[in-house]
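Chemist: Structure below; questions to follow.
Just so you know, all these numbers are worked out from the coordinates, no wet-lab data involved. Since the structure is predicted, the reported quantities are computational estimates derived from the model, not experimental observations. Note: ideal-geometry Cβ built from the backbone for every residue, glycine included; neighbour counts use all protein chains shown.
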Amino acid sequence: MPSDSRKLSDLISVGPAMLRDFDILGVRSVAQLARRNPDRLYESLCSVAPQHQDICCLDVFRAAVAQARDRNFLLNNVNGGSGAATASV
C-alpha cells in the first residue's frame, strides 16, 4: 500500500481543536487514524478531557476516519457518488 502524504489537517472538518484532540489521543498521522475506531476515539477523549465533549466530536471522528481509510470518500459519498461536492448555504 502506498504511503499517504496527507496530513490530519488536510481532512475535511478537522480544525485546530480536533488536531489538539488527536494529539491528546496519540494520533499523529492519517495512517494512524485509518487504523482507529471512531467510537473508541470519542470514548477515550471523554475519559481524558478535562471538560465534557460534545457528541458532535463523534461525528467528526467518524468522518475523519472514513476519509483516512478512503482518500476518495468524499467523492464517492457526496451527491450520490457523482464526484461533485456542493455546499448548501
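Chemist: Calculate how large, on average over all directions, the projected area of the Cα convex hull of the stretch 1-45 is; give the answer in nm² to one decimal.
Modeler: Here the figure is 3.2 nm², rounded to one decimal.
Chemist: Continuing with the same structure: Taking Cα atoms of the stretch 8-77, Rg/Rh with Kirkwood Rh, to two decimals?
Modeler: 0.94
Chemist: Under a crude label model (7 Å from the Cα following the beta-carbon direction), how far is Ser5 from Arg69 in nanometres?
Modeler: Once both label points are built, they end up 2.6 nm from each other.
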